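**Q** Following this message is one structure expressed as structure tokens.
Read-outs: derived from the displayed coordinates by stated rules, not from any lab. This is a predicted model, so every value here is computed, not measured. Reconstructed Cβ throughout: ideal geometry from the backbone, glycine too, with neighbour counts over all protein chains shown.
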Amino acid sequence: METNKVTNFRVAQKQHQQKLRQGILDDASSLLVQEGPNALTMRRIADTVGCSTTVLYTMFSNKQGLIDELYLRGCDILRQSLEAVSHPGNLKNYIYALCLAYRGFALGNQTYYSIMFLKVIPEYTPSEAYLKLGQESLELLVQAIRDSITGEQEVEDKAWEIARVIWATVHGHIGLELMGYFNYSGVLPQQMLERALQALINELLPTIDKDQ
């Protein structure tokens with residue numbers, strides 16, 4: 001019975017730590033949005049959260065560790081966003097849907113997207129392992145392309161090459177959209193992206209519809 005009490009205490013303590021960590025990350029994210037990267041210091045975050053810097057250093061080791069957590073959280077949200085895309089049975093439409101879900105993640109989670117892909121914090125450089133995690137978000141897109149070019153030589157390399165071209169196009173569009181460059185009358189930013197993707201996929205995957 002005593003063992004159960006200790007176990008329950010440890011579980012409760014772990015849950016509390018997770019909630020506290022999540023709250024700190026939320027506050028750091030808000031601070032970055034409201035005041036910019038220069039405000040993202042351990043002292044400023046501690047003042048915002050209402051704790052000592054010792055707590056932050058204990059939980060995250062240093063500022064790099066805290067930003068790493070934001071980066072990883074962004075990767076997790078992006079992965080969930082893409083995995084939530086249903087496969088309609090048509091590979092081209094599925095590729096479109098993945099790209100639009102990627103855009104939806106970027107617009108809905110601008111802080112995380114900026115940390116992951118726009119180097120909004122100049123002094124932060126993710127490790128090779130974290131960069132690899134970011135690129136793993138392309139795996140569903142690569143698989144869809146892989147399925148559409150089965151039978152061709154060097155399928156794996158070609159699938160990744162095409163996926164990176166599509167990703168670069170979507171990423172470039174999002175960057176310009178976030179900066180407000182697509183405020184044109186008569187056409188919505190999503191429509192512009194859809195047209196670009198249509199032209200690109202028709203060029204890179206000309207036979208994608210033939211076996212559907």
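**Q** Taking R0 as 25 Å, what's the FRET efficiency between residue 19 and residue 176 from their Cβ-Cβ distance, rounded to 0.05? Can you show the working numbers first?
**A** Values: r = 37 Å, r/R0 = 1.49.
The computed FRET efficiency comes out at 0.10.
**Q** In nm, give the distance between the simple-model label positions of residue 62 and residue 47, each being 7 Å from the Cα along the Cα-to-Cβ direction.
**A** 2.3
**Q** Follow-up question, since we're still on this one. Show me the GluC sites (Glu not before Pro) within segment 124-169 that DSSP assigns to loop and that have at most 14 other Cβ atoms within 10 Å of their Cβ. Write down the numbers at each step before the final one.
**A** Details: sites: 128, 136, 139, 152, 154, 156, 161; in loops: 152, 154.
Of the GluC sites (Glu not before Pro), the ones in loops of segment 124-169 whose Cβ has at most 14 other Cβ atoms within 10 Å are 152, 154.
**Q** Still on this structure, please answer the following. Note down, for the chain, the three equivalent ellipsoid semi-axes (square root of 5 times each alpha carbon gyration tensor eigenvalue), biggest first, whole angstrom. The partial results should precede the final answer.
**A** On the way: eigenvalues 296, 101, 44 Å².
Equivalent ellipsoid of the chain: 38, 22, 15 Å, largest first.
**Q** Listed here are the pairs 92/158; 92/132; 14/119; 19/132; 14/132; which of them are more than 23 Å apart at the Cα? Before the final figure, lay out the partial values.
**A** Numbers: 92/158 17 Å; 92/132 26 Å; 14/119 32 Å; 19/132 27 Å; 14/132 29 Å.
Distance filter (> 23 Å) returns 92/132; 14/119; 19/132; 14/132.
**Q** Hey, another quick one. In the chain, with Lys and Arg counted as +1 and Asp and Glu as -1 at Cβ, which of these residues, 176, 94, 41, has the Cα nearest the positive end of the dipole, that is, farthest along it?
**A** 41
**Q** Using the per-residue mean of other Cβ atoms lying within 10 Å as a proxy for protection, in what order, highest first, do the peptides 188-200, 67-79 fall?
**A** Values: 188-200: 14.8, 67-79: 18.9.
Final packing ranking: 67-79, 188-200.
**Q** Would you calculate the separation in nanometres between label points at residue 123 and residue 143, each defined as 7 Å from the Cα along the Cα-to-beta-carbon direction?
**A** 4.0
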